[in-house]
1. Looking only at the range 280-305, which residues are on the phi > 0 side of the Ramachandran plot and crowded, with 16+ Cβ neighbours inside 10 Å?
2. Hey, among the residues in the range 291-311 that are among the hydrophobic types (A, V, I, L, M, F, W, C) and part of a helix (DSSP H, G or I), which one's farthest from VAL263 (Cα to Cα)?
3. Quick check on my filter: what residues within the range 312-337 are buried (at least 21 other Cβ atoms within 10 Å of the Cβ) and not in a helix (DSSP H, G or I)?
4. Here are THR8, THR99: which of them is in contact with a helix residue (DSSP H, G or I) (Cβ under 6 Å, 6 or more places away or on another chain) and surrounded by fewer than 19 Cβ atoms within 10 Å (Cβ to Cβ)?
5. Out of (1) modelled with pLDDT of 95 or more; (2) among the small types (Gly, Ala, Ser); (3) assigned to a loop (DSSP other than H, G, I, E, B), the odd one out for GLY277 is which?
6. Tell me whether the range 226-236 contains one or more residues that are under 19 Å from THR189 (Cβ atoms), touching a strand residue (DSSP E or B) at 6+ places or on another chain (Cβ under 8 Å), in contact (Cβ under 8 Å) with a residue 40 or more places away in the chain and in a helix (DSSP H, G or I).
7. Can you find even one residue in the range 331-350 that is closer than 20 Å to GLN228 by Cα, among the charged types (D, E, K, R) and modelled with pLDDT of 95 or more?
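The values are calculated or read from the model by the stated rules, or taken from the named source; none is laboratory data. Remember, predicted model here, so these are calculated numbers, not experimental data. Methodologically, a virtual Cβ is constructed for each residue, glycine included, from the backbone with ideal geometry; neighbour enumeration extends over all protein chains shown.
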Amino acid sequence: MNHSAPQTIREVPKTGVIFVMAEARARGYGAAEVPTWCNLGQGQPEAGPLPDAPPRIHDLKIDIDDHEYAPVPGLWPLRESVAHLYNELFRRGLPSKYTAENVAISGGGRASLTRLAAAVGRVNLGHFLPDYTAYEELLDLFRVFHPIPIPLDPHQGYAYSREKLREEILGKGLSVLLLSNPCNPTGKTLRDEELSDWIGIARALDCTMVFDEFYGSYVWDRPGTDTQPAMVSAATCVEDVNKDPVILMNGLTKCWRYPGWRVSWTVGPKSVIEAVGSAGSFLDGGANRPLQRAALDIVTPKHLIQETQALQAIFRRKRTEMLERLERLGVTLGGRPGGTFYAWGDLSRLPPPLDNGMGFFRAALDHQVIVVPGEFFDINPGHRRPGRASRFRNFARFSFGPDLEVVKEGLRRLETLVHEVENT
């Protein structure tokens, strides 16, 4: 039987994590009769109860109105709640405040990004390397703007000075800059004076900065306080919420640990929100109405603070476990990640074929462990750069998103793998 697609349908590539999971499933991942796998490639946090965290939601009450479509920009009460959250946590003492008109609700992070991409005009859009794998197809799908890659140097800790940033914006005529902060996969985190400097440059040069802040509660390189744990958001550096060219994206996926809800938001100037709302009217029609209503109970400063304190206590232990054991294994981390729940490891010191991401990935599958090869984060929209001779072919991303016992077992199996290869 011929299962090929009609000639009118192009072959749509899988994003990095989707490719990885498809390969794992071909080896038996997810099958009931196969022993437990350790998914150190997963892009979601453990979603079960955590000590001292708010109770998990188990039941949803569906109002009679929830059977109707939700407004494309989202339910007004939830938009108000998101605005209040940012004002309370990140904008205390600042005169300019977000309102519901500065917020649009979407059906997940990719939907937020797709709406924004559809609203961007004929401009040059800068993006960093490495960064989130899903940006690759997204930046190629809408042919109106031109994606411009900005390589970051692993030997400089993926840092980028304000001088170089200014030169890049001016030299390449960038009108939009897209980045994840904290960065997936490196964990590099812009914050405090550095973050303020970047936004000052955006303001001065009228370059719109889009901050993907889905890992904003997973911050490890600074202490919090008893009343507010360490979190990061560019909202702290915005002067005028309707004039500064700053767009923020977040949602329930990572910081609330409800990835299956697919509820996200875009925060920015009113003009931007109007544009992404219009894009949503023809792209997706709006987010799930019952889940938006249920989110009203948890999109509060109190809930997020308690949740963040609980997840940081658990994830910090997992982070320490993973970083220490990967370093003993011979994986070079090049600085400990300041954010996210990933370790970005250089495999060059390991014996072949484990010294490159794809070789390590395929060998790990034999031990029922999943990781993500680093080359997938070398995003290449439209494959304008030839081949896959990626600067990150010797890297892999390791996730400590699963629970601690899975992380420990996965690392034990990887130790076994490396020792087997070393002794052959």
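1. At the first step, the residues of the range 280-305 found to be on the phi > 0 side of the Ramachandran plot are 285-286.
GLY286, the sole residue that qualifies.
2. By that ranking, first place goes to ALA310.
3. Answer for the range 312-337, where residues must be buried (at least 21 other Cβ atoms within 10 Å of the Cβ) and not in a helix (DSSP H, G or I): VAL331, PRO337.
4. Working: THR8 fails: in contact with a helix residue (DSSP H, G or I) (Cβ under 6 Å, 6 or more places away or on another chain).
Only one candidate passes the filter, namely THR99.
5. That leaves (3) as the condition not met.
6. yes
7. Scanning the range 331-350 turns up no residue that is closer than 20 Å to GLN228 by Cα, among the charged types (D, E, K, R) and modelled with pLDDT of 95 or more.
Condition check ((1) touching an Asp or Glu at 6+ places or on another chain (Cβ under 8 Å); (2) in the same structural domain as VAL331 (by TED's automatic domain parsing); (3) closer than 22 Å to ARG336 by Cβ) across all residues:
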{"site": "ASN356", "(1), (2), (3)": "no, yes, no"}
{"site": "SER390", "(1), (2), (3)": "yes, yes, no"}
{"site": "ALA396", "(1), (2), (3)": "no, yes, yes"}
{"site": "PHE400", "(1), (2), (3)": "yes, yes, yes"}
{"site": "VAL418", "(1), (2), (3)": "no, yes, yes"}
